[in-house]
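Have a look at the structure below, then the notes.
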Amino acid sequence: MLCITLRDLSVFVFEKITGIDMKKSGLLIAALCTMLMLSCQKENQPHQLFVGAVVGNTNWLGQPSTSWLGNRDTLQVQGVKTVVIGSNQTVSFKVRFNGVGNYALRDSQASYLVTMEAGQPTNYKLDTTKTNAVTITGFNSSTGIATGNFQLYFVKASGNPASDDAVSFTNGHFWIQLP
């Protein structure tokens with residue numbers, strides 16, 4: 001009497017379909033799992049990260065960078081927009097990071113710097129007569145990705161006399177990766 005178990009049948013079918021000896025398949029499965037795990041590692045994808053806002057009536061989009069200050073309790077976020085080679089616009093803000101929430105900014109918690117290849121840089125400080133705020137709307141602790149929005153109002157502190165006296169970052173949004 002011929003008695004075939006389900007395991008024997010599945011091994012036979014697997015070997016016939018794939019042409020792979022079942023004993024060697026363990027090595028294949030281990031190799032496939034390793035490749036799958038490596039392909040799922042966290043990647044730094046700066047083209048997806050951004051700091052953006054409306055400045056005046058123009059969309060402003062900067063490349064973000066983040067760093068921890070103090071005892072790793074204060075998060076600094078910068079967005080840098082290169083206008084032309086040697087000329088940058090940098091908006092920067094810092095918050096005592098507690099995850100998702102609303103953060104009111106005061107005094108030296110934000111700045112805006114315009115540098116020109118030829119010429120004097122212009123420094124802006126927060127306009128404390130207006131409401132300046134950052135809201136972190138999402139935070140994934142396993143990937144370090146934080147998303148949110150902001151409104152920042154600046155007045156000129158020093159620099160080029162021809163520069164604007166005030167600059168507003170409205171309808172600001174960011175998608176950043178914490179360091």
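If A104 satisfies all but one of (1) in contact with a helix residue (DSSP H, G or I) (Cβ under 9 Å, 6 or more places away or on another chain); (2) loosely packed, with under 15 Cβ neighbours inside 10 Å; (3) among the aliphatic types (A, V, I, L, M), what's the number of the condition it fails?
In the conditions (1) in contact with a helix residue (DSSP H, G or I) (Cβ under 9 Å, 6 or more places away or on another chain); (2) loosely packed, with under 15 Cβ neighbours inside 10 Å; (3) among the aliphatic types (A, V, I, L, M), A104 misses (1) alone.
Got a sec? Which of D107, D164, D73 is among the charged types (D, E, K, R) and closer than 21 Å to N59 by Cβ?
D164 is the lone residue from the list that is among the charged types (D, E, K, R) and closer than 21 Å to N59 by Cβ.
Scan segment 122-153 for residues that are more than 16 Å from S168 (Cα to Cα), surrounded by fewer than 15 Cβ atoms within 10 Å (Cβ to Cβ) and not polar (S, T, N, Q) and report the count.
Looking only at that region, the number is 2.
Throughout, read-outs are computed from the coordinates displayed, never taken from laboratory work. Here the structure is a predicted model, which is why all the values come from computation and not from measurement. With ideal geometry, Cβ positions are generated from the backbone for all residues, glycine too; neighbour counts draw on all protein chains shown.
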